[in-house]
Amino acid sequence: MKMDIERAEVPVLASSKSLEKVTRLAVEAHGNEAVLFKLLKLSGYEPKVVACKLSPTSSKCWLSVKPRVYGLTIAAYRSLVACAFKPTITLMKASKPCDERAQIGV
């Protein structure tokens with residue numbers, strides 16, 4: 001599951017009644033990395049923090065979004081922000097350890 005909900009990740013995950021069904025997560029963190037890390041750990045995940053630089057070329061994926069004017073607007077905005085500020089996006093990836101019995105087909 002992929003999440004980017006602008007600082008609402010922790011409350012949403014903490015109140016989720018279906019989180020145990022999710023085996024892998026990719027969450028864009030917004031200054032709440034420590035709390036998010038602890039929450040994922042307590043929920044049985046093995047979280048890791050991945051930081052990536054936003055670059056002008058990383059906004060190309062938005063060019064295929066429909067409606068086209070929306071995709072172009074987001075691509076232009078992200079490209080300008082990347083050129084002007086060189087921001088870093090913090091991603092948190094987490095997965096649950098495999099059950100050994102499931103691996104051997106028991």
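Applying a threshold of 7 Å to beta carbon distances and a minimum spacing of six or more residues, or different chains, the list of pairs starting in the stretch 18-46 at a residue that is within 12 Å of residue 94 (Cα to Cα) and ending at one that is surrounded by fewer than 12 Cβ atoms within 10 Å (Cβ to Cβ) and among the basic types (Lys, Arg) reads 26/2.
Each residue in the stretch 31-74 was checked for being under 30 Å from residue 98 (Cβ atoms) and not in a helix (DSSP H, G or I), and 11 of them qualify.
Pairing residues of the stretch 58-77 that are at pLDDT below 85 with residues that are not in a helix (DSSP H, G or I), at Cβ distances under 6 Å and at least 6 apart in sequence or on separate chains, gives 71/65. Looking at the stretch 44-57, which of its residues are at pLDDT 85 or above, loosely packed, with under 15 Cβ neighbours inside 10 Å and in contact with a Lys or Arg (Cβ under 7 Å, 6 or more places away or on another chain)? Hits for the stretch 44-57 are 44, 48.
Counting only residues that are surrounded by 12 or more Cβ atoms within 10 Å (Cβ to Cβ) and farther than 22 Å from residue 81 by Cβ, the stretch 17-43 holds 12 of them.
The values are calculated or read from the model by the stated rules, or taken from the named source; none is laboratory data. Because the structure is predicted, anything quoted here is derived from the model rather than measured. Glycine gets a Cβ as well: all are built from the backbone with ideal geometry, and neighbour counts include every protein chain shown.
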